[in-house]
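Values in this text are rule-based calculations from the coordinates and carry no lab data. Every value quoted in this text rests on a predicted model; they were computed, and no experiment measured them. Here the Cβ positions follow ideal geometry from the backbone for every residue, glycine too, while neighbour counts run over all protein chains shown.
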Amino acid sequence: MTRFEVNGQTVEVAAEATVPLLDVLRNKLDLKGSRYGCGLEQCGSCMVLLDGEPVYACSRELGSVAGRRVTTIEGLSTHPLIAAFLDEQAGQCGYCLSGIVVSAAALLGRNPAPSRTEIVTALDRHLCRCGAHTRILRAVERAALALREGATA
């Protein structure tokens, strides 16, 4: 049994310690927002926050999160990033967006006023083939402004 926190709730999962976290999130905890993309830490679709830092859930072993705090896209449902992405229409197919939003949330948690270069750097490890990059950057800038103006996260 592995015990950890997911989106503010303590969970206990009966699975081998070497099972990928992504598998546990999707198939045991029914949290489908994090997606399987490549399985090689190269696309970012599986990204989650582990104690506030973005990590790849496709390769992270369940045993490594014991006693720690995991936040998935579902745990960010009230974050200003969600409204900003909708307002900017910053997605097309949407497959990559959960990972991008997770990484953007980590950035804004560290730096509520990032420069465009800092945003680009934080999102650099994410693949999006839809061509929504400019809208994604605008959405992160919009969310940062909302956070600075006092929106709740």
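Observations on the model:
- Only DSSP H runs of four or more residues enter the estimate; each adds -39500 (n - 2.57), and after division by the residues of the chain the mean residue ellipticity at 222 nm equals -9000 deg cm²/dmol.
- Residues within the reach of a label modelled at Glu149 (point 7 angstrom out along Cα to beta-carbon, backbone nitrogen below 14 Å), restricted to the range 71-94, are 80-81, 83-85, 87-88.
- Sequence ranges 26-36, 78-88, ranked by mean other-Cβ count within 10 angstrom, highest first: 78-88, 26-36
- The range 1-30 and the range 50-124: distance between their alpha carbon centers, rounded to Å: 19 Å
- Each Cα pair under 8 Å and six or more residues apart adds its sequence gap; the mean of these over the residue count of the range 1-89 is a relative contact order of 33 percent.
- GluC sites (Glu not before Pro) restricted to the range 117-153 and DSSP loop, no more than 12 other C-beta within 10 Å: Glu149
- In the chain, a dipole from Cβ-located charges (positive for Lys and Arg, negative for Asp and Glu) runs towards its positive end, and of Gly33, Leu127, Leu62 it is Leu127 whose Cα lies farthest in that direction.
- Under the criterion of Cα pairs below 8 Å and six or more residues apart, the relative contact order for the chain equals 25 percent.
- Principal axes of the range 2-72: Cα extent on each, largest first, Å: 28, 24, 20
- Using Cβ point charges alone (K and R +1, D and E -1), the dipole size of the range 78-148 about the Cα centre works out to roughly 60 debye.
- Point-charge dipole on Cβ atoms (K/R +1, D/E -1) for the chain, about Cα centre, debye to 20: 240 debye
- Taking every C-alpha pair closer than 8 Å and separated by at least 6 residues, the mean separation divided by the residue count of the range 78-148 gives a relative contact order of 52 percent.
- Cα-based shape type of the chain, given that a ≥ b ≥ c are square roots of the gyration tensor eigenvalues and the cut on a/c is 1.5: prolate
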